[in-house]
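Working notes, beginning with the structure itself.
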Amino acid sequence: MEELSIGNTAQVVGYKIGSIFGGGVLIWLSQYTGWTGLFLILTGLYIEAVLFVYVSPVLSQMDEKEKQEKAENLQRTEAGSHSMKDHEHCNHSHNSTGHRHLEKHFPCTAHSHVSNEGTPSKYSSEGGAAKTKLGFIQEILDTPGTKWMMGYVALYKLGEQGAISMLPLFLIDQKISAVDIGFWTGIFGQAVSICGSVLGGWMIAHYRLPLWLVLKQLSVCRFLPLGAQLWLTAVWTWGTFSDNILYGLSVASLCFLMFISGMITTVTFTFMMQCSQMAPLNIQATHFTTLATLEVFGKLTFLSVLGFLVDMLGYSLVYILFIVLSVVLLPYLNRCPESLVGDEEEDCKEL
């Protein structure tokens with residue numbers, strides 16, 4: 001658990017540092033460089049990333065290590081195959097008389113026995129081809145806890161990500177400077193989120209708390225900033241409070257939400273990797289990639305229709321939707337399968 005949490009902390013913090021530059025620094029620079037300069041900077045960053053992938057010695061060493069491991073696995077598989085053939089040949093020699101006797105009295109049974117023992121359908125060449133093409137999908141779905149985890153990663157960010165995406169647009173509608181919003185939500189907010197990710201990883205690494213329980217508690221904590229933002233979107237037009245006060249409260253609520261979001265992200269990715277470790281060894285990477293893809297797909301699908309919902313319902317009703325989506329997640333966490341809960345409870349009992 002400790003290695004998983006540290007590894008996922010590094011992964012989450014790494015891409016959030018990139019988000020700080022892409023979401024905050026570039027917005028701040030846009031007032032000086034213009035759109036042309038902004039896209040030239042992005043082009044240079046992509047070229048640098050491609051060159052890094054091709055020349056990085058670390059990645060080359062990883063490729064060589066992976067090739068060596070595949071060669072070793074192939075040798076072990078071939079050795080096991082030869083051993084099995086020798087064993088089957090020995091059994092066939094010893095039992096040939098018995099098979100002839102069995103075929104004489106029960107021909108159908110004898111042929112069935114030889115067929116099942118000699119060429120099992122699961123490992124036949126025809127079955128192997130099907131397994132290579134599509135069978136891994138079934139293996140992913142058959143991994144304990146996978147179907148529940150797929151539902152969770154598709155749902156857990158919807159309300160939170162919707163609020164984080166909509167509040168800056170709401171502030172722009174209230175005539176707040178885009179540069180100021182870019183700094184507080186893009187740079188400072190992402191820095192706070194990184195702190196949350198580091199804290200989340202440290203917490204589960206040192207205290208070995210059940211991941212589903214940590215996620216449930218953090219999901220409850222999200223209601224405070226979500227409720228505050230719902231209140232802000234409702235009272236801003238009343239004229240009761242100063243715009244500066246409401247702006248300060250908006251930034252504070254957003255940073256608090258992003259701090260909790262950072263913690264949830266690290267814990268969730270650790271939970272995903274723990275689930276992927278239950279998959280067969282040869283598809284563990286594909287299993288984790290599938291879960292990560294669903295996580296991104298769930299967020300992007302929801303965000304793609306969010307603008308339409310805001311235009312149709314208004315900010316306040318959309319924030320109510322965000323809260324409802326966050327509430328729905330709590331009973332879903334209560335139904336976490338035993339295959340994902342059992343190992344964590346054993347660790348806690350040992351402590």
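The values are calculated or read from the model by the stated rules, or taken from the named source; none is laboratory data. What you see is a predicted model; the values in this text were computed from it and never measured. Heads up, the Cβs are rebuilt from the backbone with ideal geometry, glycines too, and the neighbour counts pull from every protein chain shown. Protein only, heavy atoms only, side chains kept; ligands, DNA and RNA dropped before computing areas. Shrake-Rupley method; radii C 1.70, N 1.55, O 1.52, S 1.80 Å.
Key figures for this structure:
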| quantity | calculated |
| --- | --- |
| Hey, Thr268 surrounded by fewer than 17 Cβ atoms within 10 Å (Cβ to Cβ) and within 16 Å of the chain's Cα centre (by Cα) or not | no |
| Residue list for region 141-180, filter: open to solvent by 10 Å² or more (accessible area, probe 1.4 Å), more than 21 Å from the chain's Cα centre (by Cα) and of a type in the set (A, V, I, L, M) | Met166, Leu169, Ile172, Ile176, Ala178, Val179 |
| Qualifying positions in region 232-251 - touching a residue at least 12 places away in the same chain (Cβ under 8 Å) and open to solvent by less than 60 Å² (accessible area, probe 1.4 Å) | Leu232, Thr233, Ala234, Trp236, Leu246, Tyr247, Ser250, Val251 |
| Count of residues meeting criterion [assigned to a helix (DSSP H, G or I) and open to solvent by less than 60 Å² (accessible area, probe 1.4 Å)] in region 274-320 | 25 |
| Residue list for region 15-60, filter: among the small types (Gly, Ala, Ser) and either loosely packed, with under 11 Cβ neighbours inside 10 Å or more than 20 Å from Thr185 (Cβ to Cβ) (or both) | Gly34, Gly37, Gly44, Ala49, Ser56, Ser60 |
| Qualifying residue in region 159-172 (condition: part of a helix (DSSP H, G or I), more than 23 Å from Ser316 (Cβ to Cβ), aliphatic (A, V, I, L, M) and out of contact with any strand residue (DSSP E or B) (no Cβ under 7 Å at 6 or more places or on another chain)) | no |
| Residues within region 321-338 that are exposed (fewer than 15 other Cβ atoms within 10 Å of the Cβ), over 15 Å from Leu215 (Cα atoms) and not acidic (Asp, Glu), tallied | 1 |
